[in-house]
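Report on one structure; see the data block that follows.
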Amino acid sequence: MKQLGILLTAIFSALLVITPAHAAENITSEQSLRLPAIFADGMVIQREAPINVWGWAKTGDWVNVTLNGKTKKVKTGKNGKWNVVLPEMEAGGPYTLKVSTKSEHLTINDVMLGDVFLFSGQSNQELQVYRCMDNNIVSEAVKNYTNHNVRILKLPQQYNYVMPQDDCIGAKWTKITPQTASDIAAICYFAARELQEYAGVPIGIINSSVGGTGVECWMSQENLKRFPEYKNKFSHEKYHKTDWVEQRRKKDTDKAAIWEEEITKADTVMHKWRNPGYDFSTWKPVDIFSDFYNKEKPNGNYWFRKTFYLSADDLKHINEAEAETALLRLGAMKDADSVFVNGKYVGNTTYQYPPRKYNVPLSLLKEGTNDIIIHLNAQFRTPHFIKDKLYQLELPGKTIALLEKDNPWHMAIGALMRPRPTQTYFVGTPTGLYNAMIHPLGPTCIRGMVWYQGEANEWNPKNYATYLAAMISEWQKQFPTPPSIKHKHGSWPSVIVQLAGYMNRHIGAYESGWCNIRTQQRALTMMSDTTSINASLATAIDCGEWNDIHPQDKATVAHRIALQLKRHAYGENIVSEGPAPIKCIQKDNKLVITFSPETGRLRPLNDGIACVTGDYELTIDMLAMQKVLSSTYSVVDGMLRYAHDDFPLCTIYNTEGIASPQFEIKIEK
């Protein structure tokens, strides 16, 4: 399992080139009037709460701020900073936010008053709708849906190790339409839709998330220094030298360039396969899901060829079609690939996880034998193709399967190499994202927060709940809570997404970092009664895909998030989560688990091991459990574990269709 965390770091570091956010020390007394980047046309401001507006202007200038007929005036300080607090306002709009000095004027148009939520985490929080379109629920939902009362702001990826930033690289607020949907993060898209339709007010989502990042990236130095393991971590020069990133990036780039030059020069296929008369007969048949790589030296360039036949009738039908392109699906593969059809380049992907979907101009196709060439570049450990994905060419009126046994792929090895030099994953450094993507949001009032992260911490899950609690506490101090939030500690609610199922399913009791992160996530939500952490759990465990760390069923997960926000941010008395156990008693060879009435009646179940024996009661036959050795149910150290597996078989649901989370509970006798 440690391999996954290393892999995430390696893959993203090799691919992402993200500009560090520059420090705000350039502010001078001569600067122009400006607002933070999040103040932009189409923005949503939290209703029924004090409204913080801040910015910069020339030292000594008087700044006037007006919104919806309310005006405040303030004089800038020595550093040119200013801030005002406008009174609470009801939901409504569109309004115009006007900011001016004697000589300068700024106008922010189409401003709405509604409810604002912060969504943060790593890649599953970023995953865009277009990446989920093979899921029928997703593809059907976005076709004709428009809602201008939903506005989503996705912050560009940026980082700074040296100091917290006062501003960030901005982006536009996006309204939901069929045209904009594909580029919006799917979790944000579906959760915001449901919340807006429920609350009837404008909904604003600030999505501040970056793939492959750990919880420590989203915490300040001061916060992390409270933990012994981080006490002396910040003496490294990268936390003090503003040019460290540029110097390190140059070294990384130089090493990578040498590797690329060497592998290109060594490749015996790359410069020949497109020559007229090239002999493909030397390429050997291969099962692309086998261990086709060189086991002693797996990295390098591998070449794959697949032929398919088109008749004259096929070509006639294709030429008569209104479409201009076919869709070539090549599942997913590790690491990078470039794809050619009949010798012409049709696309590439630079790392493992995205589904390979390439548009093929129909003009490239010909009568008779056609071919597909894949250049697979194996950079880190063993290359492979992902099973149980679609491998096919979708033509107008015809789909050609690309996995037939009687017409196999053929392979040639172009070059074998040492692993590609590891590139620094700059955004994965502690504090870097807090400084550049959280602190610059200033005192923005929010109604709630959604956290979908944990994959990058699976290698060391022991203190995850403690770190996450500290992170949320820090954010609570920065982002004010609307007075309408009714919680005994007065804080906005956090919804924690318990990691989706992924990788293999096992038998018997199973341990992994993935499972332990889920345990830590649930532990955090159970702190709510004794701390200021107002947190609840949204179960994604049954929405996963064993072969994809980025599962496409984001609509179900977003619905469960929305249910938790309806209950905890709006006070709606509803069942908002899966069955939560409160007691487990052993009676002879039976375990009787009682679930909380607040989490709904249990859905009928009898799988030969567990049986629902009451609205809130489940009975497990321990003898049957020991005989079947299912990892769905196991007993370890006097604790009953449920779904404690990377990709568990989920069986416990309430009648609302919400899955129970992975849990463990002490067995009482």
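The values are calculated or read from the model by the stated rules, or taken from the named source; none is laboratory data. Treat the numbers as computed from the prediction; the structure is a model and nothing was measured. Cβ coordinates were reconstructed from backbone atoms using ideal geometry, including for glycine residues, and neighbour counts include every protein chain displayed. These accessible areas exclude ligands, DNA and RNA; they are computed on the full protein's heavy atoms, side chains included. Shrake-Rupley method; radii C 1.70, N 1.55, O 1.52, S 1.80 Å.
The table below gives the values:
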| read-out | value |
| --- | --- |
| Cα-based convex hull, segment 525-580, per residue volume (Å³, whole number) | 102 |
| Qualifying GluC sites (Glu not before Pro) for segment 554-629 [loop in DSSP, other Cβ within 10 Å: at most 15] | Glu572 |
| Rough spin-label spacing in nm, given labels placed 7 Å along Cα→Cβ, for His236 and Trp459 | 1.2 |
| Cα Rg, Dmax, the chain, angstrom units | 27.4, 83 |
| Segment 112-245, relative contact order in percent, only Cα pairs under 8 angstrom and at least six apart counted | 39 |
| Carbon plus sulfur fraction of accessible area for segment 233-304, probe 1.4 Å, in percent | 50 |
| Set of aspartates and glutamates near Lys666 by C-alpha distance (under 15 Å), chain-local residues within fewer than 8 positions excluded | Asp637 |
| Linear extension gain, Lys583 paired with Ser473, 0.36 nm per residue minus alpha-carbon span | 36.6 nm |
| Rounded D (µm²/s) - segment 107-166, Kirkwood Rh over Cα pairs, Stokes-Einstein at 37 °C, 0.692 mPa s | 215 |
| Along the chain, longest interval not containing exposed chymotrypsin sites (Phe, Trp or Tyr not before Pro), exposed being DSSP loop plus at most 15 other Cβ atoms within 10 Å | 290-545 |
| Using a Förster distance of 56 Å, the FRET efficiency for Asn294-Asn83 (Cβ separation, nearest 0.05) | 0.35 |
| Residue-by-residue Karplus 3J(HN,Hα) for segment 619-627, coefficients 6.51, -1.76, 1.60, Hz, glycine and proline x | 10, 10, 7, 5, 5, 5, 4, 5, 6 |
| Computed lengthening from Leu403 to Glu511, 0.36 nm per intervening residue step minus Cα-Cα distance | 35.4 nm |
| Label-point separation, Met639 to Lys251 (7 Å along Cα→Cβ), nm | 4.1 |
| Computed magnitude of the charge dipole of the chain (debye, nearest 20; Cβ of K, R +1, Cβ of D, E -1) | 1460 |
| Kirkwood hydrodynamic radius (C-alpha pairs) into Stokes-Einstein, segment 180-273, 10 °C and 1.306 mPa s, D in µm²/s | 84 |
| Amide H within-cut-off set for Thr431, under 5 Å, with H built and near neighbours excluded | Cys217, Trp218, Met219 |
| Surface share of carbon and sulfur [accessible, 1.4 angstrom probe, percent] for segment 347-403 | 48 |
| Net length gained if the chain between Lys627 and Thr268 were fully extended (0.36 nm per residue, minus Cα distance) | 123.7 nm |
| Computed label-point distance, nm, for sites Tyr198 and Leu315 using a 7 Å Cα→Cβ extension | 5.8 |
| Three-way shape label, segment 231-358, alpha-carbon gyration tensor, a/c 1.5 | prolate |
| Backbone HN-Hα couplings from phi across segment 125-132 [Karplus 6.51/-1.76/1.60, Hz, Gly and Pro as x] | 7, 8, 3, 7, 4, 4, 6, 10 |
| Part-to-part distance (alpha-carbon centres) for segment 255-280 and segment 421-452, which is given in Å | 40 |
| Carbon/sulfur fraction of accessible area - segment 570-669, other protein chains in place, 1.4 Å, % | 49 |
| Semi-axis lengths, Å, segment 443-563, gyration tensor of Cα atoms, sqrt of 5 times eigenvalues | 28, 16, 12 |
| Kirkwood-based shape ratio for segment 326-476, expressed as Rg/Rh from alpha carbons | 1.12 |
| Net charge over other residues, Cβ less than 12 angstrom from the Cβ of Trp173 (K, R count +1; D, E count -1) | +2 |
| Between segment 571-625 and segment 323-354, the Cα center-to-center distance that results, in Å | 47 |
| Cα coordinate range in segment 57-166, projected on the principal axes (Å, largest first) | 57, 40, 24 |
| Estimated vicinal HN-Hα couplings, Hz - segment 599-607 in sequence order (Karplus 6.51, -1.76, 1.60; Gly, Pro = x) | 9, x, 5, 6, 6, x, 8, 7, 9 |
| Hypothetical label at Asp388: residues of segment 619-650 whose amide nitrogen lies under 20 Å (7 Å Cα-Cβ projection) | 629-633, 643-650 |
